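Okay, structure first, notes after.
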Amino acid sequence: MDKPFTRITVKVGSNVLTRKDGTLDVTRMSALVDQIADVRKAGIEVILVSSGAVASGRSEVHPARKLDSVDQRQLFSAVGQVKLINRYYELFREHGITVGQVLTMKESFATRGHYLNQRNCMTVMLEHGIIPIVNENDTVSVSELMFTDNDELSGLIASMMDAQALIILSNVDGIYDGPPSDPSSRVIPEIRRVEDIASCIQTSKSSFGRGGMLTKTSIARQVADEGITVIIANGKRENILTDIISNEELRMKNEELTASSAVPANSSFFIPHSSLTYTRFVPSLQPVSGVKKWIAHSGGFAKGALYVNAEAAALLLSDRPVSLLPVGVVAVEGQFNKDDIVQIITPDNKQIGVGKSSYSSKQVAELMGKHDQKPVVHYDYLYIE
């Protein structure tokens, strides 16, 4: 039987890696490193997206004066990232595994060239048996250019690196059908695209991280729509990562058995680990190209917007592979150049997608409403949400 995954991205949140007082939990780090090493030995490549630098630095530095939020983040992360990566280096070295540090920023994903440079860097590392450890470069990032949190970054990395799975390790067991503090609430084991779980999501943010379950769910849905399995689980549970991989192997085996003519179609063989609970976002079966994956995550870098009429919106939202033509554009917002990313907006002011413009904003304004023109956004460079 084949492995369920050959490459995974693992995101470890600040609340998994730190104690209540903000100091680094080296025991938990060591346990996670042991599990990642076991996953590697099973033939699965791992890209680690690790939070914890700011929290780690907070326990080391005690500023003499009050700092604003940006200064604090830059100071704590500059000290904390050194401590964090050094710990990882020492822990992985015990398993004979080399790690490499990749610090990135949101704007590094804005252009296709920078995007591909990052992809090439990590691809070379994986080819040489090196585990990339990725984090946001908080020392130079400022508020308006920051990722929402490392959940957003991990989604970009999983998509960029063609991972088959993104495993987000938090301090909760998954997505609950009610408040996690309510004893009657239960973890939702599986979420499909058509299911509306908005009422289940708590909007509160984590103690040390910037994000929360709302961000995790939003990122998980988008990444799953690109054909990547997304799992949200409790990183503080013992052997959580290796147990998840074992569970997914069982799931794959069952799917193969039920697909064969040897067993009834309604047979069920998947038996999860007795104490294992997590939420799995079911991946789309529709393949998404590398360019469209980049465009899908580029909405935050849009330089402008194209407002389309109802007919164009209906066509774009259909299952047909269509491009956006000038005849369907009714208004242009912002100033952008050829090849910049733009948002696609419907008549009721809803964003339905993003794409790479074939024209500048001035050219689109001159061509909009006209027939027999080349696409404003070609299908190959269009992502409908």
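The values are calculated or read from the model by the stated rules, or taken from the named source; none is laboratory data. Keep in mind it's a predicted model, so treat the numbers as computed, not measured. Note that we place each Cβ from the backbone using ideal geometry, even for glycine, and neighbour counts take in every protein chain shown. The protein model used for the area step is the full one, side chains on, heavy atoms only, and it has no ligands, DNA or RNA in it. Shrake-Rupley method; radii C 1.70, N 1.55, O 1.52, S 1.80 Å.
Brief remarks on what is shown
- Selection of region 53-85 for residues being open to solvent by 80 Å² or more (accessible area, probe 1.4 Å) and polar (S, T, N, Q) yields only Ser69.
- Test: residue in region 310-317 that is in contact with a Pro (Cβ under 8 Å, 6 or more places away or on another chain), closer than 18 Å to Leu367 by Cβ and of a type outside the set (S, T, N, Q): no
- Criterion violated by Val140 - all others in (1) of a type in the set (A, V, I, L, M); (2) modelled with pLDDT of 85 or more; (3) under 24 Å from Ala78 (Cα atoms); (4) open to solvent by 40 Å² or more (accessible area, probe 1.4 Å) satisfied: (2)
To keep it simple, each residue is scored yes or no on (1) modelled with pLDDT under 75; (2) touching a Gly at 6+ places or on another chain (Cβ under 9 Å).
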| site | (1), (2) |
| --- | --- |
| Pro183 | no, no |
| Cys200 | yes, yes |
| Gly212 | yes, no |
| Ala224 | no, no |
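- Taking region 103-139 as the range and being more than 19 Å from Gly290 (Cβ to Cβ) and part of a strand (DSSP E or B) as the test, the residues that pass are Leu103, Ile130, Ile131, Ile133, Asn135, Glu136.
- The numbered conditions (1) closer than 17 Å to Glu385 by Cβ; (2) open to solvent by less than 10 Å² (accessible area, probe 1.4 Å) are all true for Arg320 except (2).
- Subset of region 345-385 that is over 11 Å from Ile295 (Cβ atoms) and aliphatic (A, V, I, L, M) - its residue that is most open to solvent (accessible area, probe 1.4 Å): Met368
- Among residues of region 86-102, those that are open to solvent by 50 Å² or more (accessible area, probe 1.4 Å), part of a helix (DSSP H, G or I) and not acidic (Asp, Glu), counted: 4
- Test: residue in region 148-162 that is open to solvent by 20 Å² or more (accessible area, probe 1.4 Å) and modelled with pLDDT of 85 or more: yes
- Any hit, region 329-340, residues being within 28 Å of Asp162 (Cβ to Cβ) and surrounded by 15 or more Cβ atoms within 10 Å (Cβ to Cβ): yes
- Selection of region 36-61 for residues being acidic (Asp, Glu) and assigned to a strand (DSSP E or B) yields only Glu45.
- Residue check: Ile130 meets all listed conditions (1) among the hydrophobic types (A, V, I, L, M, F, W, C); (2) in contact with a Ser or Thr (Cβ under 7 Å, 6 or more places away or on another chain); (3) open to solvent by less than 20 Å² (accessible area, probe 1.4 Å) but one, namely (3).
- Which listed residue is among the basic types (Lys, Arg) and without any contact (Cβ under 8 Å) to a residue 12 or more places away in the chain, from Lys11, Lys41: Lys41
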